[in-house]
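Sharing a structure with you now.
The values are calculated or read from the model by the stated rules, or taken from the named source; none is laboratory data. None of these values were measured; they are calculated from a predicted model. In this analysis, Cβ positions are derived from the backbone assuming ideal geometry, glycine residues included, and neighbour counts consider all displayed protein chains. With ligands, DNA and RNA removed, areas are computed over all heavy atoms of the protein, side chains included. Shrake-Rupley method; radii C 1.70, N 1.55, O 1.52, S 1.80 Å.
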Amino acid sequence: MSAPASAILPSGGGPLARLSDLFWRRPAVLLAVLLGPPLLWLGVIYLGSLFALLAQSFFSIDEFTGLIQYELTLKTYGELLQPANLDIILRTVLMAGSVTVAAAVLAFPIAYYASRYATGRWKALFYIGVMLPLWSSYLVKVYAWKLILAKEGILNWIFAKLHMTWALEAFLALPVIGGNSLSVSYTGTFLVFLYVWLPFMILPVQASLERVPVSLLEASSDQGASPRQTLRHVILPLALPGFVAGSIFTFSLTLGDYIIPQIIGSSRLFIGQAVYAHQGTAGNIPLAAAFSVVPIVIMGFYLWGARRMGAFDAL
């Protein structure tokens, strides 16, 4: 004979008990209560402010008064095609692409060693070594690199001790990538971007490589494949989701960053600096909003292309 229902599930005696009973009987209500506040915050605060910014890009600035004309127009987007603004976009995209490719090249051997050979304390040391730079202040790291790359910095001192100052001066004399010193050149900007964002590439690639079964590598070797063929046809395709995940971080963060180019680099603007300048000192909020749309569109096309290639299937 079954026990009475009251003995199995006694009724609550207060508001909290009745609320607990409701959550137990209706899990959907509990899920709505848990997810409601963060989704509301995301929808109103984040997406709401983003849409407000995008709406500003469809307005324009009156050339005579400098006031915003609240009439829908594509005039501001047309200004992005002017040579000076187009040069800013191309410069930023090229820098983001270069940093992403270099980060992938540097991250792969580090991640491969950590996933295949590092164990125990060595793996713990690997994680500490990769994540330790993330624990320090972003600005401290950037200013530290400015001192390292300056004319009076340790890098110039090392070149002088090796009697190779001539090589550094010859490199700095190159057009576009050179400058008065590394701290005021595109090369310096590239090096600091690479240093700051490299951990965001290493960790996803390492996680992706750890999911590659050792049996596949052994099978490839048994079939007579050389290490290079195994790398090209087995390891890299299976590690592709990690590279895609890492590139999303490195590419998008470089696209929108304005602090590193502001502190280290030439006087030529990147997208982040252009947004800051037009929104702040120039007071041209519509053009700043239009510049803000550019990284969103670029990342949208990038994610769409990666999805078409099947890069997200194994994530």
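So, of the residues in the range 141-165 that are closer than 19 Å to Tyr186 by Cα and in a loop (DSSP other than H, G, I, E, B), which turns out to be most open to solvent (accessible area, probe 1.4 Å)?
Checking each candidate, the answer is Glu152.
Condition (residue is exposed (fewer than 15 other Cβ atoms within 10 Å of the Cβ), of a type outside the set (S, T, N, Q) and at pLDDT 85 or above) applied to the range 97-105: is it met by at least one residue?
The initial filter retains those residues of the range 97-105 that are exposed (fewer than 15 other Cβ atoms within 10 Å of the Cβ), namely 101, 105.
Keeping just the survivors that are of a type outside the set (S, T, N, Q) gives 101, 105.
Narrowing the set further to residues that are at pLDDT 85 or above leaves 101, 105.
Checking the range 97-105: at least one residue is exposed (fewer than 15 other Cβ atoms within 10 Å of the Cβ), of a type outside the set (S, T, N, Q) and at pLDDT 85 or above.
Sticking with this structure for a sec: Out of (1) open to solvent by 50 Å² or more (accessible area, probe 1.4 Å); (2) hydrophobic (A, V, I, L, M, F, W, C); (3) farther than 14 Å from Ala103 by Cα; (4) touching a residue at least 12 places away in the same chain (Cβ under 8 Å), the odd one out for Leu168 is which?
Every condition holds for Leu168 apart from (1).
Which members of the range 167-199 meet the condition of being in a helix (DSSP H, G or I) and of a type in the set (S, T, N, Q)?
Ser183, Thr187, Thr189
Yes or no: the range 171-186 includes at least one residue that is among the aliphatic types (A, V, I, L, M), open to solvent by less than 40 Å² (accessible area, probe 1.4 Å) and either out of contact with any Gly (no Cβ under 7 Å at 6 or more places or on another chain) or in contact (Cβ under 8 Å) with a residue 12 or more places away in the chain (or both). Walk me through it before giving the result.
Step one: filter the range 171-186 for residues among the aliphatic types (A, V, I, L, M), giving 172-174, 176-177, 182, 184.
Going one step further and asking which of them are open to solvent by less than 40 Å² (accessible area, probe 1.4 Å), we end up with 172, 182.
Now drop any that are not either out of contact with any Gly (no Cβ under 7 Å at 6 or more places or on another chain) or in contact (Cβ under 8 Å) with a residue 12 or more places away in the chain (or both), which leaves 172, 182.
Yes, that holds for at least one residue.
Answer yes if at least one residue in the range 130-146 is more than 16 Å from Pro199 (Cβ to Cβ) and in contact with a helix residue (DSSP H, G or I) (Cβ under 6 Å, 6 or more places away or on another chain), and no otherwise.
Yes, the conditions are met somewhere in the range 130-146.
Could I ask something else about it? If I ask for residues that are of a type in the set (A, V, I, L, M, F, W, C), modelled with pLDDT of 80 or more and not in a helix (DSSP H, G or I), which ones from the range 46-67 would you list?
If the condition is that a residue be of a type in the set (A, V, I, L, M, F, W, C), modelled with pLDDT of 80 or more and not in a helix (DSSP H, G or I), then Phe58, Phe59, Ile61 are the ones that fit.
Can I ask one more? Kindly indicate whether any position in the range 88-95 is among the polar types (S, T, N, Q) and surrounded by fewer than 12 Cβ atoms within 10 Å (Cβ to Cβ).
So far as the range 88-95 goes, no, none of its residues is among the polar types (S, T, N, Q) and surrounded by fewer than 12 Cβ atoms within 10 Å (Cβ to Cβ).
A further question on this structure: Quick check on the range 204-214. Is at least one of its residues under 14 Å from Tyr112 (Cβ atoms), open to solvent by 60 Å² or more (accessible area, probe 1.4 Å) and not in a helix (DSSP H, G or I)?
Yes, some residue in the range 204-214 is under 14 Å from Tyr112 (Cβ atoms), open to solvent by 60 Å² or more (accessible area, probe 1.4 Å) and not in a helix (DSSP H, G or I).
Within the range 131-140, track down each residue that is exposed (fewer than 10 other Cβ atoms within 10 Å of the Cβ) and of a type in the set (A, V, I, L, M).
Result: Val140, single match.
Every residue in the range 252-292 that is part of a loop (DSSP other than H, G, I, E, B) and open to solvent by 10 Å² or more (accessible area, probe 1.4 Å), please.
Asp257, Tyr258, Gly265, Ser266, Ser267, Arg268, Leu269, Gly280, Thr281, Ala282, Gly283, Asn284
Do the conditions hold for Ile128, that is, is it hydrophobic (A, V, I, L, M, F, W, C) and either in contact with a Pro (Cβ under 9 Å, 6 or more places away or on another chain) or surrounded by 13 or more Cβ atoms within 10 Å (Cβ to Cβ) (or both)?
So Ile128 does not fit the description; no.
Follow-up. As an exercise: evaluate Val192 against (1) modelled with pLDDT under 90; (2) of a type in the set (A, V, I, L, M); (3) over 16 Å from Lys151 (Cβ atoms) and give the number of the one condition it does not meet.
Just one mismatch for Val192, condition (1).
Additional query: Restricting the first residue to the range 251-278 and requiring it to be farther than 18 Å from Phe200 by Cβ, which pairs with a second residue that is of a type in the set (A, V, I, L, M) and buried (at least 23 other Cβ atoms within 10 Å of the Cβ) meet a Cβ separation below 6 Å and a spacing of at least six or different chains?
That search, which allows pairs on different chains as well, returns Ile264/Val192; His278/Leu287.
For Leu81, only one of the following conditions fails: (1) in contact with a strand residue (DSSP E or B) (Cβ under 7 Å, 6 or more places away or on another chain); (2) at pLDDT 85 or above. What is its number?
Only one criterion in (1) in contact with a strand residue (DSSP E or B) (Cβ under 7 Å, 6 or more places away or on another chain); (2) at pLDDT 85 or above is unmet by Leu81, namely (1).
Scan the range 7-30 and report the pairs whose first residue is surrounded by 10 or more Cβ atoms within 10 Å (Cβ to Cβ) and whose second residue is at pLDDT below 70, with Cβ atoms within less than 7 Å and a gap of 6+ or a chain change.
From the range 7-30, the pairs are Arg18/Gly12; Ser20/Gly12; Asp21/Gly12.
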